[in-house]
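The values are calculated or read from the model by the stated rules, or taken from the named source; none is laboratory data. Note that the coordinates shown come from a computational prediction; the quantities given were computed from them, not determined experimentally. Glycine also receives a Cβ, built like all others from the backbone with ideal geometry; neighbour counts cover every protein chain displayed. For the accessible areas, the whole protein counts, side chains as well, though only heavy atoms, and no ligand, DNA or RNA atoms are used. Shrake-Rupley method; radii C 1.70, N 1.55, O 1.52, S 1.80 Å.
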Amino acid sequence: MDYTTITLKAAAKAMEDAVLPALSAAGEQQALEQAHLVWDAIRFVADRVDLVAARRRAEAIALIDLVGRLAELDAVDDATTARLGGIRSAAMARIADPETTAEGYAVVIAGLGDEVTAVLRTADQLAPAQRAGVERTVLAHALRRLELDRSWLLPLGFDPDPAGVPELAGLLAAGTTG
């Protein structure tokens, strides 16, 4: 049994019940402000720790989609298309395995990310229209990833348009492939 969530919630409760009141009573305003930041961070992580694997899975699915879209571009040569197809198939098999953990998804993400980086590096030598196609494809993926990041971080209260942030559960369920 993993006690991470329980431990984090206990730490947040200790901050709320003992540390914050003690700092407030002592008039330690700067320390109190910093303790509030720590308390917020602990609560945030406690609320998200059980979703890390789902988030990484969503990221992997989105990258699988991106690699597939890159492989379909006329800017990509046959050898690259074959390589992308192979890594895409391997990644799909890995995420289909119900035993895949957050760390396993992270390995998939890293491998797919390396392939996307390789395509972007070669895009610099392409004709402008072909390079623009690669860049548009990658940018579209980045915008979907930004939605996931905004939704993930929404509880921290820094988003300038919280009403415009998609629901995290929907993004995780859809794998952010939109």
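Please work out the average accessible area per residue across segment 1-109, using the 1.4 Å probe convention, and give it in Å².
Values: 6360 Å² over 109 residues.
Per residue, segment 1-109 has 58 Å² of solvent-accessible surface.
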Just read off the accessible area of Asp47 with the full protein assembly in place, 1.4 Å probe, to the nearest 10 Å².
-> 100 Å²
Relative to the present Cα-Cα distance, how much length would full extension add between Glu33 and Glu99 at 0.36 nm per residue of separation?
-> 19.6 nm
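Expressed in nm², what is the orientationally averaged projection area of the convex hull enclosing the Cα positions of the chain?
Details: hull surface 53.2 nm².
If I average the Cα hull's projected area over directions, I get 13.3 nm².
Given a 1.4 angstrom probe, I'd like the percentage of the accessible area of the chain that is carbon and sulfur, rounded to a whole number. It would help to have the intermediate numbers written out before the result.
On the way: 6100 of 10450 Å².
Here carbon and sulfur together make up 58 percent of the probe-accessible area.
Do you know the relative contact order of the chain, to the nearest whole percent, from alpha carbon pairs under 8 angstrom that are 6+ apart? It would help to have the intermediate numbers written out before the result.
Numbers: 153 pairs, mean separation 45.7, N = 178.
Normalised by residue count, the contact order of the chain is 26 percent.
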Take each of the peptides 127-136, 156-165, average the number of other beta-carbon atoms within 10 Å over its residues, and list them starting from the highest.
-> 127-136, 156-165
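Order 66-72, 33-39 from most to least packed using the mean count of other Cβ atoms within 10 Å.
Numbers: 66-72: 19.1, 33-39: 13.6.
With the highest mean Cβ count within 10 Å placed first, the list reads 66-72, 33-39.
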Of Leu63, Leu84, Leu139, which is the most mobile in a GNM of the chain whose springs link Cα atoms less than 10 angstrom apart?
-> Leu139
Alpha-carbon Rg with Dmax, taken over segment 111-178, Å | 15.2, 44
